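The values are calculated or read from the model by the stated rules, or taken from the named source; none is laboratory data. For clarity, every value in this text was computed on a predicted model and none was experimentally measured. Don't worry about glycine lacking a Cβ; one is built from the backbone with ideal geometry, like all the others, and counts go over all protein chains shown. Quick note on the areas: whole protein, heavy atoms, side chains included, nothing else; ligands and nucleic acids left out. Shrake-Rupley method; radii C 1.70, N 1.55, O 1.52, S 1.80 Å.
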Amino acid sequence: MSAWERPWCGRVTRENLGQKVELVGWVRRRRDLGGLIFADLRDRTGLVQLVFEDEMVAAGEQLSGQDVIRVRGVVRPRAEGQANPNLATGEIEIRVSELEILTESETPPFVIEDDTNASEDLRLTYRYLDLRRPVMTANLVLRHRIVAETRRYFDEMEFIEVETPILTRSTPEGARDFLVPSRLHKGAFYALPQSPQLFKQLLQVAGLGRYIQIARCFRDEDLRADRQPEFTQIDVEASFVREEDIFVLTEGLFRRIFPLAGIPFPAKVPRLDYFEAMERFGSDRPDTRFGLELVELGPLCEGCGFQVLENAAATGRVKGLVLPGGAALSRKQLDQLSDFVKPYGAAGLLWFKRTENGVASPAKKALGEAGAARFLDAAGAGEGDLLLAVGGSEKVVFASLGALRVELAKEHGLIPGGRHDFLWVTGFPLLEWSEEDGRFYACHHPFTSPLPEDAGRLESDPGSVRARAYDIVMDGVELGGGSIRIHDPALQRRMFRALGIGEEEANARFGFLLEAFRYGVPPHGGIALGLDRIVMLMAGRDSIRDVIAFPKTTSGSCLLTGAPAGVDPAQLKELGLKP
RNA sequence: GGGGUCGUAGUUCAGUUGGUUAGAACGCCGGCCUGUCACGCCGGAGGUCGAGGGUUCGAGUCCCUUCGGCCCCGCCA
């Protein structure tokens with residue numbers, strides 16, 4: 001029987017009753033009843049029950065877990081009352097008449113089941129066994145379907161998939177580059193791309209019009225649960241487009257892929273201004289599935305009598321949020337919340353409780369009962385509620401309350417199960433001032449176009465200029481972002497000037513792009529979507545490692561291969577890195 | 001670069017104020033068992049307590065150093 005005709009284990013059903021079939025797969029579990037042996041045979045599609053009886057019992061006794069076998073047998077219905085409703089193949093079984101053990105397996109280092117309790121480092125060391133677990137296999141299958149649907153969608157939209165170089169040129173600004181030494185040019189280096197940004201813009205100059213790439217990107221920065229040093233973007237760029245076009249295009253894609261995981265995509269995706277997002281949620285990627293919105297407390301602090309608040313309001317911001325029913329929190333719990341907020345730079349967390357006995361707060365002594373009550377009133381806190389406040393620089397207040405908001409929602413189960421919120425965040429600042437370096441940096445990248453109505457202030461008040469940039473956010477996770485690019489060479493020069501990049505430096509770094517723009521550049525823009533994060537959210541996982549076949553640990557090593565590793569001194573010599 | 005947390009049998013964990021022979025479950029091995037699907041029952045093997053050093057009559061337990069996993073801040077869209 002040809003390999004392509006042989007049925008998958010998980011797809012043998014009543015339809016096949018009475019047929020003689022050949023099956024291959026891994027032995028999952030043997031149930032030896034003495035004169036009768038059951039075993040599960042599995043492949044990536046699922047499992048089917050094998051029966052060894054009469055003359056086959058002796059053969060069945062040889063099997064052990066994870067052996068790879070080929071069997072022939074007849075598909076027959078299970079005995080009366082013995083069907084397993086939990087299995088797609090639960091109504092049938094294979095009465096084995098021929099068994100061939102193709103390879104034997106040693107006892108695996110952990111149980112290859114969905115509910116394995118193996119630690120993640122063990123799973124990563126034996127990733128091929130981990131991926132054999134049905135949940136992990138399902139993640140890879142889902143990822144494949146998303147990618148396949150993405151390619152289908154963009155093909156229908158007449159986008160062209162183009163591969164861009166992996167060995168490219170280091171582009172400063174942004175993340176740290178991975179470098180690859182050149183053998184032919186000793187002392188010179190390629191860089192791995194942080195994204196195909198410049199190439200996809202050049203493809204617009206080339207007249208391609210609509211570009212898509214499932215692109216691998218590399219950034220040499222510290223890792224997180226949702227950050228790997230190499231990751232995959234759905235990279236998109238198109239000519240003669242405006243923001244609306246990109247929104248429609250992206251929503252159209254999501255409307256096609258999210259249903260693959262049973263997640264409906266809304267007819268309309270709300271838009272949220274960046275500054276409003278920060279004021280209301282303390283984050284530019286807010287999770288809008290729950291409330292706990294930030295409230296303004298600054299004006300109340302002026303002359304309130306509590307020195308700490310007066311100072312904070314005078315030099316920065318004071319904001320808070322109300323946890324309904326939070327007055328029941330213990331002193332210990334409040335201390336823990338205070339500790340939670342400290343890594344974000346908050347000096348402390350000030351709390352106000354409204355109880356049936358009045359107001360309780362460490363600030364009550366300084367503010368008085370009525371003064372403290374005014375804070376609760378302003379925040380809209382009712383009886384039994386808790387107001388948590390942070391004062392300090394705007395950055396610290398937003399960062400700490402934004403994180404606290406999410407933490408409280410998780411801790412108190414305020415996130416509705418099964419709900420998913422999508423939104424566009426727009427109106428980002430174009431530039432961000434760096435105190436350390438005493439210069440502006442591009443929030444997105446140096447080719448992002450300013451809003452036309454703000455562009456006039458590029459020289460007079462650069463910090464106030466907003467960008468034609470946008471992010472798409474799902475459940476508090478940034479799925480991707482993009483912008484309409486600068487296509488006017490004069491505007492690009494002004495942008496470089498605002499960034500403190502001189503003519504000479506700009507030519508040295510991005511000369512090829514500027515040169516290209518001299519020969520007829522169409523207005524263009526695009527977006528890059530984080531495929532790993534999209535798959536992670538669709539699969540309902542907390543880490544992108546679960547949707548990447550061979551991920552790195554948080555220290556950037558691969559426990560399976562041992563990368564990164566030392567190399568032969570001869571290799572270094574060849575590269576001119578060692579004498 | 002910084003903070004937190006974990007590391008004991010193949011695996012996941014327990015291990016008291018420092019005290020004799022480091023336990024449990026699952027897995028594995030052997031035996032019995034003809035309708036199991038987390039099969040069941042009986043028996044057995046299996047340990048550099050992450051590594052190195054120190055304190056102590058005595059260290060899985062206390063101290064120092066170090067390695068590794070995970071989470072977070074910084075960093076990174």
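So here's what we get for this one:
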read-out: Most to least accessible of A:TRP424, A:TRP351, A:TRP433, A:TRP8 (protein chains only, probe 1.4 Å); value: A:TRP433, A:TRP8, A:TRP351, A:TRP424
read-out: Compactness of the stretch A:445-532 as Cα Rg over 2.2 N^0.38 Å, two decimals; value: 1.20
read-out: Percent of Cα pairs exceeding the 18 Å cut-off, where the set is the stretch A:89-172; value: 71
read-out: Calculated Rg and Dmax of the stretch A:348-431 using C-alpha coordinates, Å; value: 16.3, 50
read-out: Projected area, mean over directions - chain A, Cα convex hull, nm²; value: 36.3
read-out: Relative contact order of the stretch A:1-159, defined on C-alpha pairs under 8 angstrom at six or more residues apart (%); value: 20
read-out: Per-residue SASA entry for A:ARG255, accessible area with 1.4 Å probe, Å² rounded to 10; value: 100
read-out: With all protein chains modelled, accessible area of A:ASP222 [1.4 Å, Å²]; value: 120
read-out: Computed P(r) (all Cα pairs; the stretch A:225-308; 5 Å bins; percent); value: 3, 9, 12, 13, 18, 17, 10, 4, 4, 5, 4, 1
read-out: Projected area averaged over orientations for the stretch A:23-178, convex hull of C-alpha atoms, nm²; value: 15.1
read-out: Beta bridge orientation in the stretch A:1-114: antiparallel %, DSSP, nearest 5; value: 95
read-out: Base-10 log of normalised Debye intensity for the stretch A:518-579 (one unit scatterer per alpha-carbon) at q = 0.16, 0.17, 0.20 Å⁻¹; value: -0.75, -0.76, -0.84
read-out: Using alpha-carbon coordinates, inclination of helix A:394-411 to the longest axis of chain A, degrees; value: 40
read-out: Per residue value of the accessible surface for the stretch A:348-396 (all protein chains in place, 1.4 Å probe), Å²; value: 45
read-out: Convex hull per residue volume in Å³, alpha carbons only, for the stretch A:1-79; value: 96
read-out: Rough spin-label spacing in nm, given labels placed 7 Å along Cα→Cβ, for A:ALA83 and A:GLU574; value: 6.3
read-out: Rounded tilt (10° steps) of A:364-379 against the dominant C-alpha axis of chain A; value: 70
read-out: Cα convex hull of the stretch A:269-423 - mean projected area over all directions, nm²; value: 8.9
read-out: Probe 1.4 Å, accessible area per residue of the stretch A:38-129, Å²; value: 51
read-out: Accessible surface, per residue, of the stretch A:457-579 when the full set of protein chains is kept, probe 1.4 Å, Å²; value: 45
read-out: Hull volume in cubic angstrom per residue (convex hull over the Cα atoms of the stretch A:421-476); value: 89
read-out: 15 Å beta-carbon shell around A:GLU161, net charge (K/R +1, D/E -1); value: -2
read-out: Percent accessible area from carbon and sulfur atoms, chain A, protein chains only, probe 1.4 Å; value: 51
read-out: C-alpha long axis of helix A:489-498 to longest principal axis of chain A, angle in °; value: 70
read-out: Zone residues, the stretch A:286-301, relative to A:ASP273, backbone N less than 11 Å from point 7 Å out along Cα-to-Cβ; value: none
read-out: Within the stretch A:441-528, GluC sites (Glu not before Pro) in DSSP loop having at most 11 other beta-carbon neighbours inside 10 Å; value: A:GLU453, A:GLU459
read-out: For A:LEU300, net neighbour charge (Lys/Arg +1, Asp/Glu -1) across residues whose Cβ lies under 10 Å away; value: -2
read-out: Relative contact order of chain A, pairs being alpha-carbon contacts under 8 Å that are 6 or more residues apart, as %; value: 13
read-out: Over 18 Å (Cα to Cα) - which of A:LYS410/A:LYS552; A:LYS342/A:LYS552; A:LYS200/A:LYS268; A:LYS342/A:LYS395 fall in this group; value: A:LYS410/A:LYS552; A:LYS342/A:LYS552; A:LYS200/A:LYS268
read-out: Rounded FRET efficiency, nearest 0.05, which uses the C-beta distance separating A:GLU435 from A:LYS365 and R0 of 41 Å; value: 0.70
read-out: Solvent-accessible area of A:VAL21 with every protein chain in place, 1.4 Å probe, in Å² to the nearest 10; value: 10
read-out: The stretch A:386-444 - Debye-derived log10 I(q)/I(0), Cα point model, q = 0.13, 0.16, 0.18, 0.22 Å⁻¹; value: -0.60, -0.82, -0.93, -1.05
